[in-house]
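Participant: Below: one structure in structure tokens.
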Amino acid sequence: MKNGYRNAATVMGLLVFSWITVLCAPARGLVGRHDRKDEALLALGQRFPATGRIDPDGSCTLVAPTWIVTAGHVAHQIRPGVHSVYFGTKKYTVKRVVMHPDCKPSGHRPPEVDLALIELADPVKDVTPAALYRKNDETGKSIIVAGYGDLGDGTSRPRFTDGKLRAATNVIDSVRPARILFDFSKPPAGTDLEGVSGPGDSGGPAFVEIDGRPLLIGVSSAAMNGKPGRYGVTEVYTRISAFAPWIDGMIK
């Protein structure tokens, strides 16, 4: 799919994508290609400190000093005053969870609109919040996916985590009204540091860099058309440009 990007201009109704909900499994940990050293994933991850870890399970992105963006299927399990968010080793208490009004988590399948905001009790210091990507030209964009989840190499099921932030690269293959999609290509296809999300990375970010500045372009939601974390799987991320006005309004 890297050699033939689908047309992003195709506009389709959300009902067309009900089949994705049926076939998707929640996205869970960071997985890189088998022929690259882990040090490269760790080094890339250090460039994106706005990536956070949610207790007990999930990832997120800092978009304002006291606000994070994550997946709805992660946020609906979070309780204010009980659960926490970590940026690096610093712990922050959850003050409020705000689900997108169209986000309806049910069972083991992520909802079509898989998005939520979490307000923190105290501002996150020493971390610059990520800006939101707002253009409707995502197809073909090079992205960086980041997270703290289970490790994998594309050939087997991710099995463990060490709690360290890692990142990998990919390219957006297609766009839906509420989602962006990209494949995990097996070498020699794909990017030099090809990777996708896996266990523990639901709600985590996909960034695009513009003039050296990271912008949040997607939120990890689900995997389809294959086994999560394995070569050939298609990653499904919530499309931030479609929901930027709602995020802006809630933060203000």
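The values are calculated or read from the model by the stated rules, or taken from the named source; none is laboratory data. Small disclaimer: the values here were computed from a predicted structure and weren't measured. Note that each Cβ is placed from the backbone with ideal geometry, even for glycine, and that neighbours are counted across all protein chains shown.
Participant: Scan the range 174-193 and give yes if some residue there is at pLDDT 95 or above, surrounded by 18 or more Cβ atoms within 10 Å (Cβ to Cβ), of a type in the set (Phe, Trp, Tyr) and assigned by TED's automatic domain parsing to the domain that holds LEU42, otherwise no.
Facilitator: Yes, because at least one residue in the range 174-193 is at pLDDT 95 or above, surrounded by 18 or more Cβ atoms within 10 Å (Cβ to Cβ), of a type in the set (Phe, Trp, Tyr) and assigned by TED's automatic domain parsing to the domain that holds LEU42.
Participant: Assess whether ASP114 counts as being farther than 17 Å from VAL31 by Cα and not in a strand (DSSP E or B).
Facilitator: So ASP114 fits the description; yes.
Participant: Here's a follow-up. Would you check which residues across the range 228-252 are on the phi > 0 side of the Ramachandran plot and either within 15 Å of the chain's Cα centre (by Cα) or among the basic types (Lys, Arg) (or both) and list them?
Facilitator: Selection gives GLY229 alone.
Participant: While we're looking at this one, here's another question. Kindly indicate whether ASP153 is out of contact with any Lys or Arg (no Cβ under 8 Å at 6 or more places or on another chain) and surrounded by fewer than 20 Cβ atoms within 10 Å (Cβ to Cβ).
Facilitator: For ASP153, the condition - out of contact with any Lys or Arg (no Cβ under 8 Å at 6 or more places or on another chain) and surrounded by fewer than 20 Cβ atoms within 10 Å (Cβ to Cβ) - is not met.
Participant: Quick check on the range 211-235: of everything there that is modelled with pLDDT under 95 and hydrophobic (A, V, I, L, M, F, W, C), which residue is surrounded by the fewest Cβ atoms within 10 Å (Cβ to Cβ)?
Facilitator: Here the residue is MET224.
Participant: State whether one or more residues within the range 80-100 are part of a loop (DSSP other than H, G, I, E, B), among the hydrophobic types (A, V, I, L, M, F, W, C) and either at pLDDT below 95 or surrounded by fewer than 21 Cβ atoms within 10 Å (Cβ to Cβ) (or both).
Facilitator: Yes: the range 80-100 contains one or more residues that are part of a loop (DSSP other than H, G, I, E, B), among the hydrophobic types (A, V, I, L, M, F, W, C) and either at pLDDT below 95 or surrounded by fewer than 21 Cβ atoms within 10 Å (Cβ to Cβ) (or both).
Participant: Still on this model: If I go through the range 127-163 residue by residue, how many of them are charged (D, E, K, R) and within 21 Å of VAL208 (Cα to Cα)?
Facilitator: Summing the residues that are charged (D, E, K, R) and within 21 Å of VAL208 (Cα to Cα) in the range 127-163 gives 5.
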